[in-house]
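Reading through the C-alpha cells given below for one structure.
The values are calculated or read from the model by the stated rules, or taken from the named source; none is laboratory data. All of these numbers come straight from a predicted model, not from anything done at the bench. No Cβ is skipped: glycine too gets one built from the backbone with ideal geometry, and neighbour counts run over all protein chains shown. We work out accessible area using only protein heavy atoms, side chains counted, and drop any ligands, DNA or RNA first. Shrake-Rupley method; radii C 1.70, N 1.55, O 1.52, S 1.80 Å.
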Amino acid sequence: MDLSESYNAAEVEQRWQQIWAERGGGNADCDQGEPFYLLEMFPYPSGRIHMGHVRNYTIGDVYARFLRAKGHRVLHPMGWDAFGLPAETAAIQRGIDPARWTRENISAMRQQLSRLGFSYDWSREVATCDPDYYRWEQLFFLQMLDRGLAYRKKARVNWCDACGTVLANEQVEGEECWRGHSPVRQKELDQWFLRITAYADELLEGLNGLDGWPEKVRTMQRNWIGRSEGVEIEFPIVETGKSLPVFTTRADTLFGCTFVSLAVEHPQAAELARAGGNEEEVCAFIDSISRLETAERAQGKEGIFTGCHAINPINGRSVPVYLANFVLMEYGTGAVMAVPAHDQRDFEFAARYGIEVIPVIEGEDGCLDASSMLEAFEEDGRLHDSGEFSGLSSADGRKAIAKALAEKGSGKEVVNYRLRDWGISRQRYWGTPIPIIHCPNCDVVAVPEADLPVVLPTGVELLEGGGSPLPELEDFVSIRCPQCGAQARRDTDTMDTFVESSWYFIRFASAERDGIPFDRDEVARWMPVDQYIGGVEHAVLHLLYSRFFTRVLRDLGWLEVSEPFERLLTQGMVIKDGAKMSKSKGNVVDPDELVAAYGADTARLFSVFAAPPEKDLDWSDRGVEGAHRFLSRVWRLALAVGAADAGGVVRRSLAWADPGCEGLSKPAAGLRSLVHDTIRRVGRDIGERMRYNTAVAAIMELVNGAYEYRQRDDSSDDAVLDFAVAMTLRLLFPFAPHMCSELWSRVVVGPGVDEIPWPDYDASALVKETIEMVVQVNGKVRGRIQVAADIPETELLELAAKQPRVAAALAGRSPRKTVVVPGRLVSMVV
C-alpha cells in the first residue's frame, strides 16, 4: 500500500489543521504547567515563505510540541517585521500602496505557515506597521530622549544610493549595503542616534553569562563592541598652541614615536593646514581622500605633511604631523601616534615618506637595528632606549608610562570602543515616523505623549527615484508647535526597522493589552525568552540591538530583565547546487510545490533530518523522497498492526500502554527494550541536544525493529508490537503531526496523540542480557560481577577494579598484566 495512493495528505492535513485551530492548540493560555517562552525570529512579509523559513519554523515547532508534551505552558507566538525598504521598493515597482502590499503578503504567508502545521499562538500576532504597535516605540523614543539616550547631530553617515537612505555601521558589510545593493559612501546629514555606547561595558560583560549562546555569536559581539584599554596622550602642536589628543594601546612604544598621523576628517585638519603654510595642497588631499570609500582608502599608504609639528610629552621630541588615508575618525580620537618600528602600517608609511624609524622594544634576540629592519616588530618585549623605563616589560612599561603621563597632566588612562552610537534616521517612507517637531523658536520639540501615535500617512504617491514623499505632504508636515504655538514642521525621517525588531518579543508577552505597551506581570512571567531561534547573520544587528533595547526598557522601568534571550540556536542555511537558495541564482525550491507534491509532514521531516539544526542543509530531491518513503512505511505499519481492511477500516485497536517485561519472549523483550531506548534517545536529542536529525534516525531504527519483529515466526506478543507502533507515533508526532494524529485516531485506543504526556523510558529495559564474571587478583578470587554480555572491555576492567575486595587487593597499584576470558573471567596480576 503506497502512501501516495492510500494517504491523502492534503485532505488529512487540512482536517487536522482545522481541528487544532478550533481547539486553540497553540494558545499559551490553554496550557498549564511551567512557563516556557519559545520564539523564532519573525519574518519580513515578502509575500512567500522560502525553505529557510520552513526549516527555521519547523525547528521551533518540533520543540514546542515536545515541550507541551513534557508538561510546559508554552508561549510560541508569530508576527511580522512589516516595515522596511523591500515593501517600499516593491510598491514602487507595482504601483500599489506599501500598506496594501504588506497586508496581502501577511495574509498569504499566514496561510502558508498554517498549511505547514505550525502550532503558533495566533491570538498574540503583531505586525510592526500597525499604529497600535509603533505608538509604543515612539513613546520609548521620547523617554530615551528625555534620558539623554536619544539625540540629534550632524554626522558623516553611511549612505546607500540604491536604497536612498542612511545605513547603520552594522548594516554595512564589506563596504556594501547589507542588502547587497551597491557600494556605500559617506555623506554628512543631521541624524537621530540612540546612545548604545552608554551600555557598551554592560553589553560586553553580559556576554559572559550567556552560556546558552553559541560562542561564535558571543565572539562576534565582543569584537564588534571592541573594548580596548589604553592611554589618551596630549601632544601639543607647536604652530597652533593647541593640544592634539591621541589614543594608543601601546604606551610602551611612546619613545619610538617619530610622527603623528590624523584622519582627513579630523576637526583640526584644516587648521593645521593653514598653520603649516601648506593649505592648498593639504585641502586638496583632504578632498580627494574624503571621496573614497573606506575600502579604497585602505589601498596603500598615502599621506601629506601638514607643515605642523607636535611635541612628544614623554621626551620633548618634535615630530611632524601628517594626514594619512588609513587613519579613521571612527576609532579613538582620529589621531595616531605613529611608531614605525612597532606598527606595520606606520612602518610602510615611514618607508614611503622617509621618516625615521626608532626601535624601542627588544625581543628575545635583543635590540633591533633600524637599518636592517624589513618589517615592524609588533610583539611585546622589553623597553629599550626609553629613558628611566628601559628594561621594563611591555606590560609594566605601559603602566609606568601611563602613570608618568598622568602625573605630568599629559595623559590619562581611558577605555575605547569600536562600537558607535546607533544612527536610526532613515530617509524613506515605509517606517515608524520619528515623533519630533522642528520649531523656528523652540528648535527640537517632542510630540506630546497624548498625541501619540504619529501615524504614517497611507495611500500616498511614492516617488519613482525612491526618496521619501513625506517632506512633500503638507498635511503631514505642517503642525503647530506644542510649546509656543508657532507654525512648525514634523521630522520627516522614519526609524531604522531594526528598532521595531528590538522589542517585539516583549510585546508578545501581552500583545492583546490596549493602553499600555506591556503588562508587567505577564512580562515577568514569560521573559526572558527561554529559547530563541534564528540566523547567525543577525549576530551583530538584531541580537545586539535587542540586548541594548531590553536594558533601556529595564532602566525606563518597563521590565526587570536585562538579557532578552536565555538560549540561542543559530540554524544553518538551506543550500542547493552549492549556494544559498536565491531567485537570482535560479536554485529556489518553492515550499508550496513541495507540500502539494509530498505533504507538509514530508517537508517538515526532511528539513530537520537532512542536517543538524546549526549546520547548513544541502538540498536533495532524493532526501525528500527518502523522508516521504519513511512516512509511507510508518503509515503501512500502523494500519497493518491495526489490522485495517482494504477500505481503511481498523478491526483492532492498539493499546499504547507499556505491557511490562513479565513473561515476554526474547524477541518481544528485545523490541520492548528498543522502544525504551528510542524514547530515551529521542527525548535527549530533542530536549537536551536539539539534534533533531539523530532523533529521527532513532525513530527510523525503531520502525525497522518493528518490521523485523512482525516478520518473525515467534512474534506472537501483540501488546509489545502495539506499544512499539503507538510510541513510534507519539515520538514522531512533533515532526509529522498530521499523519501521526490521523493514524493515532484510527488505530489507538484512548486520548489523542497530543493529549498524552511524553513517555518516560524504563531504565531497566535498557539493560542487555547479563552474565556473571569472576574477578581474580594474583590467582585468588576477589569478587563476582554482573555485567551486560556485550560490555566493552575497558568498561569491564573499570567496573572490576572498583569492586571492594578487588580494590583492596590492588591497594592503589596498577596491574602489570590483565587477562580477560570473555563471558567468564577477569584476571589481574600485580
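Given the conditions (1) of a type outside the set (D, E, K, R); (2) modelled with pLDDT under 95; (3) assigned to a helix (DSSP H, G or I); (4) open to solvent by less than 20 Å² (accessible area, probe 1.4 Å), report the number of the one that residue 21 does not fulfil.
Result: residue 21 fails condition (4) only.
Any residue in segment 272-282 that is modelled with pLDDT under 90 and open to solvent by 50 Å² or more (accessible area, probe 1.4 Å)?
No, segment 272-282 contains no residue that is modelled with pLDDT under 90 and open to solvent by 50 Å² or more (accessible area, probe 1.4 Å).
One line per residue, one yes/no per condition, for (1) open to solvent by 20 Å² or more (accessible area, probe 1.4 Å); (2) over 26 Å from residue 452 (Cα atoms); (3) among the polar types (S, T, N, Q); (4) assigned by TED's automatic domain parsing to the domain that holds residue 734:
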{"residue": "76", "(1), (2), (3), (4)": "no, yes, no, no"}
{"residue": "90", "(1), (2), (3), (4)": "no, yes, no, no"}
{"residue": "108", "(1), (2), (3), (4)": "yes, yes, no, no"}
{"residue": "127", "(1), (2), (3), (4)": "no, no, no, no"}
{"residue": "147", "(1), (2), (3), (4)": "yes, no, no, no"}
{"residue": "159", "(1), (2), (3), (4)": "yes, yes, no, no"}
{"residue": "166", "(1), (2), (3), (4)": "no, no, no, no"}
{"residue": "172", "(1), (2), (3), (4)": "yes, yes, no, no"}
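Residues are listed down the side, and each one gets a yes or a no for (1) of a type in the set (D, E, K, R); (2) open to solvent by 30 Å² or more (accessible area, probe 1.4 Å):
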{"residue": "29", "(1), (2)": "yes, yes"}
{"residue": "37", "(1), (2)": "no, no"}
{"residue": "44", "(1), (2)": "no, yes"}
{"residue": "51", "(1), (2)": "no, no"}
{"residue": "54", "(1), (2)": "no, no"}
{"residue": "64", "(1), (2)": "no, no"}
{"residue": "67", "(1), (2)": "no, no"}
{"residue": "72", "(1), (2)": "no, yes"}
{"residue": "83", "(1), (2)": "no, no"}
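Within segment 786-830, track down each residue that is over 50 Å from the mean Cα position of the chain (by Cα) and closer than 23 Å to residue 766 by Cβ.
Those that are over 50 Å from the mean Cα position of the chain (by Cα) and closer than 23 Å to residue 766 by Cβ: 822, 823.
Could you list all residues from segment 745-756 that are within 14 Å of residue 7 (Cβ to Cβ) and in contact with a helix residue (DSSP H, G or I) (Cβ under 8 Å, 6 or more places away or on another chain)? Explain how you work it out, then say what you get.
Taking segment 745-756 and keeping what is within 14 Å of residue 7 (Cβ to Cβ), we get 745-747.
Answer for segment 745-756, where residues must be within 14 Å of residue 7 (Cβ to Cβ) and in contact with a helix residue (DSSP H, G or I) (Cβ under 8 Å, 6 or more places away or on another chain): 746, 747.
Could you go through segment 339-354 and let me know if any residue there is closer than 25 Å to residue 410 by Cβ and surrounded by fewer than 19 Cβ atoms within 10 Å (Cβ to Cβ).
There is at least one residue in segment 339-354 that is closer than 25 Å to residue 410 by Cβ and surrounded by fewer than 19 Cβ atoms within 10 Å (Cβ to Cβ).
For segment 37-116, which fully contained helices (runs of 4 or more DSSP H) count at least 3 residues that are touching a strand residue (DSSP E or B) at 6+ places or on another chain (Cβ under 7 Å) and farther than 20 Å from residue 501 by Cα? Walk me through how you get there before you give the answer.
Numbers: elements: 51-69, 85-94, 98-115.
In segment 37-116, the matching helices (runs of 4 or more DSSP H) lie at 51-69.
Does residue 814 satisfy the condition of being more than 30 Å from residue 691 (Cα to Cα), among the hydroxyl-bearing types (Ser, Thr, Tyr) and open to solvent by 70 Å² or more (accessible area, probe 1.4 Å)? First the steps, then the outcome.
Details: more than 30 Å from residue 691 (Cα to Cα): yes; among the hydroxyl-bearing types (Ser, Thr, Tyr): yes; open to solvent by 70 Å² or more (accessible area, probe 1.4 Å): yes.
Yes: the conditions hold for residue 814.
Any residue at all in segment 354-375 that's closer than 28 Å to residue 200 by Cα and in contact (Cβ under 8 Å) with a residue 40 or more places away in the chain?
From segment 354-375, those closer than 28 Å to residue 200 by Cα are none; that's our starting set.
So far as segment 354-375 goes, no, none of its residues is closer than 28 Å to residue 200 by Cα and in contact (Cβ under 8 Å) with a residue 40 or more places away in the chain.
All but one of (1) aliphatic (A, V, I, L, M); (2) open to solvent by less than 40 Å² (accessible area, probe 1.4 Å); (3) not in a helix (DSSP H, G or I) hold for residue 671, so report the exception by its number.
Failed condition: (3).
Just for segment 759-788: of the residues that are in a loop (DSSP other than H, G, I, E, B) and not aromatic (Phe, Trp, Tyr), which one is least open to solvent (accessible area, probe 1.4 Å)? It would help to see each step written out before you state the result.
Residues of segment 759-788 in a loop (DSSP other than H, G, I, E, B): 759-762, 767-769, 778-779.
Narrowing the set further to residues that are not aromatic (Phe, Trp, Tyr) leaves 759-760, 762, 767-769, 778-779.
Values: 759: 22, 760: 124, 762: 47, 767: 88, 768: 111, 769: 123, 778: 83, 779: 55 Å².
Here the residue is 759.
Assuming residue 462 fulfils every condition listed in (1) part of a helix (DSSP H, G or I); (2) over 33 Å from the mean Cα position of the chain (by Cα) apart from one, which condition is it?
It is condition (1) that residue 462 fails.
Give the residue, chosen from 545, 532, that is part of a strand (DSSP E or B) and closer than 26 Å to residue 218 by Cα. Spell out how you get there, then give the answer.
Details: 545 fails: part of a strand (DSSP E or B).
Selected residue: 532, the only one of 545, 532 that is part of a strand (DSSP E or B) and closer than 26 Å to residue 218 by Cα.
Could you tell me how many of the residues in segment 748-784 are at pLDDT below 90, of a type in the set (Val, Ile, Thr) and out of contact with any Ser or Thr (no Cβ under 6 Å at 6 or more places or on another chain)?
Total satisfying the criteria: 4.
What pairs come up if the first residue lies in segment 136-150 and is closer than 16 Å to residue 503 by Cα, the second is open to solvent by 10 Å² or more (accessible area, probe 1.4 Å) and small (Gly, Ala, Ser), and their beta carbons are under 8 Å apart, counting only those six or more places apart or on different chains?
Short answer, once both residue conditions are applied: 142/446.
Give 378, 348, 362 a once-over and let me know the one that is in a loop (DSSP other than H, G, I, E, B), within 44 Å of the chain's Cα centre (by Cα) and in the same structural domain as residue 260 (by TED's automatic domain parsing).
On inspection, the qualifying residue turns out to be 378.
Restrict the check to segment 210-224 and report whether at least one residue is more than 15 Å from residue 320 (Cα to Cα), open to solvent by less than 20 Å² (accessible area, probe 1.4 Å) and modelled with pLDDT under 95.
no
Tell me the residue from 463, 456, 473, 452 that is in contact with an Asp or Glu (Cβ under 9 Å, 6 or more places away or on another chain) and either surrounded by fewer than 18 Cβ atoms within 10 Å (Cβ to Cβ) or at pLDDT 95 or above (or both), please.
So the residue among 463, 456, 473, 452 that is in contact with an Asp or Glu (Cβ under 9 Å, 6 or more places away or on another chain) and either surrounded by fewer than 18 Cβ atoms within 10 Å (Cβ to Cβ) or at pLDDT 95 or above (or both) is 463.
Please work out which one of (1) surrounded by 19 or more Cβ atoms within 10 Å (Cβ to Cβ); (2) modelled with pLDDT under 95 is the condition residue 401 fails and give its number.
Condition (2) is where residue 401 drops out.
Yes/no per residue for (1) under 18 Å from residue 566 (Cβ atoms); (2) open to solvent by 10 Å² or more (accessible area, probe 1.4 Å):
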position	(1), (2)
506	yes, no
514	no, yes
530	yes, yes
534	yes, no
547	yes, no
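Keeping to segment 232-254, report how many residues are open to solvent by 10 Å² or more (accessible area, probe 1.4 Å) and either among the acidic types (Asp, Glu) or closer than 18 Å to residue 327 by Cα (or both).
Qualifying residue count, segment 232-254: 8.
Among what's in segment 571-602 and is within 25 Å of the chain's Cα centre (by Cα) and closer than 14 Å to residue 48 by Cβ, pick the residue that is surrounded by the most Cβ atoms within 10 Å (Cβ to Cβ).
Taking the candidates together, the pick is 591.
Tally the residues that are in contact (Cβ under 8 Å) with a residue 24 or more places away in the chain, closer than 20 Å to residue 65 by Cβ and either open to solvent by 40 Å² or more (accessible area, probe 1.4 Å) or not in a helix (DSSP H, G or I) (or both), restricting the search to segment 674-692.
So the count comes out to 3.
Quick one: residue 561 ticks every box in (1) at pLDDT 95 or above; (2) in contact with a Pro (Cβ under 8 Å, 6 or more places away or on another chain); (3) open to solvent by less than 20 Å² (accessible area, probe 1.4 Å) except a single one, so which number is it?
(3)
For residue 428, work out the one condition from (1) open to solvent by 30 Å² or more (accessible area, probe 1.4 Å); (2) in contact (Cβ under 8 Å) with a residue 40 or more places away in the chain; (3) not hydroxyl-bearing (Ser, Thr, Tyr); (4) not in a strand (DSSP E or B) it doesn't fulfil.
Residue 428 satisfies all of (1) open to solvent by 30 Å² or more (accessible area, probe 1.4 Å); (2) in contact (Cβ under 8 Å) with a residue 40 or more places away in the chain; (3) not hydroxyl-bearing (Ser, Thr, Tyr); (4) not in a strand (DSSP E or B) except (1).
In segment 413-431, which residues are β-branched (Val, Ile, Thr) and touching a helix residue (DSSP H, G or I) at 6+ places or on another chain (Cβ under 9 Å)?
Residues satisfying the conditions are 415, 424.
Here are 445, 499: which of them is in contact with a Cys (Cβ under 6 Å, 6 or more places away or on another chain) and hydrophobic (A, V, I, L, M, F, W, C)? Step through it out loud before you land on a result.
Numbers: 499 fails: in contact with a Cys (Cβ under 6 Å, 6 or more places away or on another chain).
Going through 445, 499 in turn, the sole match is 445.
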